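These notes are about the structure you will find just below.
Read-outs throughout are calculated quantities, based only on the coordinates presented, and are distinct from any laboratory measurement. Since this is a predicted model, take the numbers as computed values, not measurements. Don't worry about glycine lacking a Cβ; one is built from the backbone with ideal geometry, like all the others, and counts go over all protein chains shown.
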Amino acid sequence: MPLPDDANTVTGGCSCGAIRYRIAIPRLEDRPLHPMAPPSTNTRLPNAITCHCNDCRRSTGALLPPAMADIPATMLTVSAISPSSESTIVSGRFLDVLAEDYDAEKADADRPPYVPGTQTFLAGEESKTWIRFYHTTSCGKAWSRSFCGRCGTPICFHFKLIPEYCHDGNLPKEFEDVFHIYLGTMDREFLEKDWFAPDSEVNFKFGTPFSKSVSATAKGLKEVPKVQEFDGEVTKEELDHLAA
Ligand SMILES: [Zn+2]
Ligand SMILES: [Zn+2]
């Protein structure tokens with residue numbers, strides 16, 4: 001089932017629980033239009049994509065294209081534990097969201113407050129929490145990838161919108177930061193609901209032979225529209241050739 005039209009809060013985090021996030025999704029009519037899509041398509045955030053680029057592949061270590069949710073800054077808050085608060089746990093998880101007795105409300109009451117993603121997932125200043133930044137082509141306030149320095153889980157790719165990324169050069173009024181949250185970090189209950197099936201596959205031309213042929217043939221991916229970079233449709237001929 002696609003994302004429902006009513007308001008929902010989606011949660012997730014790293015494997016050890018040092019980093020947790022909340023995505024507060026408003027009801028459909030209050031969700032912002034996708035800044036890169038023509039307004040006439042009425043495409044609203046969040047949506048989900050897969051990316052075949054070399055940077056996504058190497059930073060996640062995944063041979064298949066990682067899938068991520070496209071989250072505007074207005075929806076994201078983050079709670080991150082700092083190494084100095086780790087007095088009693090020296091190994092293992094702070095919390096296990098898959099444990100039978102996991103109580104989200106109780107777990108959240110015992111951890112640092114949730115603050116905007118723009119205060120946590122932008123590289124540039126010394127991190128006082130377990131959030132760390134992957135050093136890639138760029139790693140700063142305009143562009144970065146974050147992961148948990150304690151358990152190693154990649155969490156998201158952040159970028160600041162500039163007019164050239166946006167349809168007709170129009171920056172949205174409500175936000176300028178976008179977070180691509182890796183879907184594998186979302187709590188399982190939301191993945192079971194299938195709310196974030198990818199809507200498009202991007203950077204297809206940079207995919208490996210393996211990632212491209214899986215995308216061209218696998219149920220759940222083969223029917224998803226694909227573009228060579230952020231536009232430039234992948235032709236049926238190319239997909240048929242990969243599927244042969
Ligand atoms: Zn962790
Ligand atoms: Zn990518």
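Things worth noting here:
- Scanning segment 1-51 for residues that are in a loop (DSSP other than H, G, I, E, B) and within 16 Å of ligand 2 (Cβ to nearest atom) returns a single hit, Met36.
- The set of residues from segment 203-244 being among the aromatic types (Phe, Trp, Tyr) and surrounded by 14 or more Cβ atoms within 10 Å (Cβ to Cβ) comprises Phe204, Phe206.
- Selection count, segment 125-138, where residues are among the basic types (Lys, Arg) and free of Cβ contacts under 8 Å to residues at least 40 places away in the same chain: 1
- In segment 52-67, the qualifying residues are those that are of a type in the set (Gly, Ala, Ser) and crowded, with 17+ Cβ neighbours inside 10 Å, and the one that is nearest to ligand 2 (Cβ to nearest atom) is Ser59.
- Residues that are in contact (Cβ under 8 Å) with a residue 24 or more places away in the chain and either charged (D, E, K, R) or in contact with a Phe, Trp or Tyr (Cβ under 9 Å, 6 or more places away or on another chain) (or both) were ranked within segment 212-227; the one that is farthest from Ala244 (Cα to Cα) is Val227.
- Note on segment 202-226: among residues that are under 19 Å from the mean Cα position of the chain (by Cα) and β-branched (Val, Ile, Thr), the one that is nearest to Met68 (Cα to Cα) is Val202.
- Tally of residues being out of contact with any Ser or Thr (no Cβ under 7 Å at 6 or more places or on another chain) and away from ligand 1 (no atom under 16 Å from the Cβ) across segment 112-146: 14
- Taking the listed residues Phe133, Phe121, the one that is in a strand (DSSP E or B), within 29 Å of Ile49 (Cβ to Cβ) and under 16 Å from the mean Cα position of the chain (by Cα) is Phe133, with no other qualifying.
- On inspection, Pro65 qualifies as more than 16 Å from ligand 1 (Cβ to nearest atom), assigned to a loop (DSSP other than H, G, I, E, B) and closer than 29 Å to Ala99 by Cα.
- Residues of segment 95-124 that are closer than 19 Å to Ser85 by Cβ and either in contact with a His (Cβ under 8 Å, 6 or more places away or on another chain) or free of Cβ contacts under 8 Å to residues at least 60 places away in the same chain (or both): Lys106, Ala109, Asp110, Pro112, Pro113, Val115, Gln119, Thr120.
- Only one of the numbered conditions (1) within 27 Å of Ser146 (Cβ to Cβ); (2) of a type in the set (D, E, K, R); (3) surrounded by 14 or more Cβ atoms within 10 Å (Cβ to Cβ); (4) free of Cβ contacts under 8 Å to residues at least 24 places away in the same chain is not met by Glu176, and that is (4).
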